[in-house]
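The values are calculated or read from the model by the stated rules, or taken from the named source; none is laboratory data. Bear in mind the structure is a predicted one, so any value in this text is a computation, not a measurement. Quick reminder, even Gly has a Cβ in these numbers, built from the backbone with ideal geometry, and neighbours come from all protein chains shown.
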């Protein structure tokens, strides 16, 4: 069984709904509904305003009569298949990544986990989850310049000129979009697989860069986030991160 890594640093004072989410009770929107329904007490007083300041360490928080304590920190890696959206619920009734974690918004570990970053519906591969919001914020902070590695199948044959132009990057909608590195992995008769590394995360960054050169993405698979690799994890399956992976990514 994989060991779990815990973070015991105290949580700062936030709005009550945010505190419940950070404690791993449920999502922020679900917490707001709980509070507004009068199902939450703070220090023996019913609170109905989700923005009421609360302290997860010093305040006694009770939900439906059960006192809530800070949950152990959990870190998961999921191999997201194509066609799933990275959200807890979807207004168009599409399949979400939480369907893969079972029991909708609760994992088999019984703790609410939030995705660390995103993959769009058409993208596949490594997606991290955690109830450690401080850790997640560090990983998604653009200032961290954490490498993310993708294997991308394109509808063209890559040559040296194309690879050089891709490395130069583009300006799209006022944003400078650059690839940290790009190389060809293999090719077929009409398409190539590229390995692309990003150290920043802009919306649909790889697709936008390739589209600027008239190239469409056939498949896009994230295979690594920093030292955490997708490896042999099967599509739709998840695993806990090891202590060594957490040490390396820190």
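Going by the structure shown, is residue 118 surrounded by fewer than 18 Cβ atoms within 10 Å (Cβ to Cβ) and more than 22 Å from residue 205 (Cα to Cα)?
no
Can you spot a residue in the stretch 191-199 that is at negative phi, surrounded by fewer than 19 Cβ atoms within 10 Å (Cβ to Cβ) and under 18 Å from the mean Cα position of the chain (by Cα)?
yes
Of the conditions (1) over 13 Å from the mean Cα position of the chain (by Cα); (2) at pLDDT 85 or above; (3) surrounded by fewer than 18 Cβ atoms within 10 Å (Cβ to Cβ), residue 93 clears all except one; give me its number.
It fails just one condition, (2).
Taking the condition buried (at least 19 other Cβ atoms within 10 Å of the Cβ) and assigned to a strand (DSSP E or B), does residue 220 pass?
Details: buried (at least 19 other Cβ atoms within 10 Å of the Cβ): yes; assigned to a strand (DSSP E or B): yes.
Yes, satisfied.
Given the conditions (1) outside any helix (DSSP H, G or I); (2) at pLDDT 90 or above, and given that residue 139 satisfies all but one, which numbered condition is not satisfied?
The single condition residue 139 does not satisfy is (1).
Provide a single number: the residues in the stretch 187-208 that are outside any loop (DSSP other than H, G, I, E, B) and farther than 16 Å from residue 122 by Cα. Working first, answer last.
We begin by selecting, within the stretch 187-208, every residue outside any loop (DSSP other than H, G, I, E, B); these are 187, 192-198, 205-208.
Cutting the leftovers down to farther than 16 Å from residue 122 by Cα gives us 187, 192-198.
Qualifying residue count, the stretch 187-208: 8.
Does residue 134 satisfy the condition of being at pLDDT below 95, over 25 Å from the mean Cα position of the chain (by Cα) and outside any loop (DSSP other than H, G, I, E, B)?
no
Every residue in the stretch 224-245 that is in contact with a strand residue (DSSP E or B) (Cβ under 6 Å, 6 or more places away or on another chain), within 10 Å of residue 126 (Cβ to Cβ) and surrounded by fewer than 17 Cβ atoms within 10 Å (Cβ to Cβ), please.
233
Just the residues that are surrounded by 11 or more Cβ atoms within 10 Å (Cβ to Cβ) and either in contact with a strand residue (DSSP E or B) (Cβ under 7 Å, 6 or more places away or on another chain) or assigned to a helix (DSSP H, G or I) (or both), please, taken from the stretch 157-176.
157, 158, 162, 163, 165, 166, 167, 169, 170
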